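S.K.: Provided herewith is a single structure, encoded as structure tokens, for subsequent inquiry.
Only the coordinates and a few stated rules stand behind these numbers; no lab work does. Since we're looking at a predicted model, the values are computed, not measured. Cβ coordinates were reconstructed from backbone atoms using ideal geometry, including for glycine residues, and neighbour counts include every protein chain displayed.
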Amino acid sequence: MDRPEPRGSGRRFNNGRVDRQGRFWAGTMIENEALAQPRSAALYRLDGSQARRCHEGVTIANGLAWSPDGLTMYFADSPARRILAFDFEPSNGEISNPRLFAETPPGAYLDGATVDADGCLWSAHWGASRVVRYRPDGTIDSEIALPVSQPSCVAFGGDALDQLFVTTARVGMSPEQLALEPLAGDVLVYRVGVTGLEQNSVQAVYPRDF
């Protein structure tokens with residue numbers, strides 16, 4: 001397998017997802033600002049055993065998701081608080097025409113995301129105690145107020161894919177803060193009245209000794 005980020009770069013992989021054709025995508029983040037240049041993280045696509053850099057100028061890659069028809073890819077850079085939408089070519093995984101899809105207010109950092117069967121994007125907002133459902137045009141459809149401040153990702157599950165699972169964290173929280181957020185670090189489950197989409201497995205061939 002490829003190693004697109006060399007050791008000692010100050011960057012590491014953060015978020016990965018499989019597109020509707022079975023290609024694996026993963027984005028990096030700056031972990032050590034003393035070693036890494038600003039906005040030097042990137043989004044990669046695994047082609048066979050080689051990782052191809054597809055989008056640059058990133059600080060913390062996050063929020064990868066695809067529309068139900070597979071023609072739009074969503075991607076977020078957490079500190080920038082911006083979700084981008086790209087045109088997506090299913091036949092070869094090429095992305096083009098990046099454009100602003102949505103922005104978040106200060107203190108709401110974009111984390112993991114998923115798309116439901118209606119084509120709406122669900123996004124976890126780290127630091128803002130909420131999950132937001134965006135319509136395909138980027139406007140907000142609804143929000144879930146959470147009892148924790150660090151939601152990290154969302155995914156649909158259950159036999160009918162009608163439950164929204166929200167992973168949460170407790171990074172850097174003091175005992176006093178944890179007392180106020182006893183569910184921090186737990187997985188929360190919500191019935192949201194919509195269903196999700198089946199997620200694909202990676203279609204890749206790995207070396208025999210991988």
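S.K.: Which value does Rg/Rh take for the chain over its C-alpha atoms, Rh per Kirkwood?
M.R.: Result for the chain is an Rg/Rh of 0.96.
S.K.: Sequence-distant or interchain residues sharing an amide H contact under 5 Å with Asn14, placed H: which?
M.R.: HN-HN under 5 Å from Asn14: Gly27, Thr28, Met29.
S.K.: Select from Ala51, Ser149, Val202 the residue farthest towards the positive end of the dipole of the chain; place +1 on Cβ of Lys and Arg, -1 on Cβ of Asp and Glu, and compute about the Cα centre.
M.R.: Ala51
S.K.: So, one more: Amide H neighbours of Leu64 under 5 Å, at least 5 residues apart or on other chains, H built in the peptide plane: list them.
M.R.: Ala76, Ala113
S.K.: Now for a different question. Karplus couplings for segment 37-48 from phi (6.51 cos²θ - 1.76 cosθ + 1.60, θ = phi - 60°), rounded to Hz, Gly and Pro as x?
M.R.: Ordered by residue, 3J(HN,Hα) equals 5, x, 6, 9, 7, 7, 10, 10, 10, 8, 9, x Hz.
S.K.: A further question follows. When the chain is fully extended, how far beyond the present Cα-Cα distance does Asp47 get from Glu94, taking 0.36 nm per residue of separation?
M.R.: Length difference between fully extended and current span is 15.8 nm.
S.K.: Apply the Karplus curve 6.51 cos²θ - 1.76 cosθ + 1.60, θ = phi - 60°, to the phi angles in segment 50-55 and return the couplings in whole Hz, x for Gly and Pro.
M.R.: 10, 8, 9, 6, 10, 8
S.K.: Right, another one. Under a point spin-label approximation (7 Å from Cα along Cα-to-Cβ), what is the Arg191-Ser174 distance to one decimal in nm?
M.R.: In this crude spin-label approximation the distance works out to 4.0 nm.
S.K.: May I pose another question? Which ³J(HN,Hα) values, rounded to whole Hz and listed in residue order, are derived for segment 150-161 from phi using the Karplus coefficients 6.51, -1.76 and 1.60 in 6.51 cos²θ - 1.76 cosθ + 1.60 with θ = phi - 60°, glycine and proline given as x?
M.R.: Whole-Hz 3J(HN,Hα) from phi for segment 150-161: 10, x, 10, 6, 9, 7, 8, x, x, 4, 9, 6.
S.K.: Sorting Phe165, Phe86 on the 10 Å Cβ count, fewest up front, what's the list?
M.R.: Phe165, Phe86
S.K.: Also: Ignoring trypsin sites (Lys or Arg not before Pro) that are buried or in helix or strand per DSSP, and keeping those with at most 14 other beta carbon atoms within 10 Å, what is the longest stretch of the chain between them?
M.R.: 40-207
S.K.: Given Ala26, Ala117, Gln177, which one lies farthest toward the positive end of the charge dipole of the chain, if we put +1 on the Cβ of every Lys and Arg and -1 on the Cβ of every Asp and Glu?
M.R.: Among Ala26, Ala117, Gln177, the one farthest towards the positive end of the dipole of the chain is Ala26.
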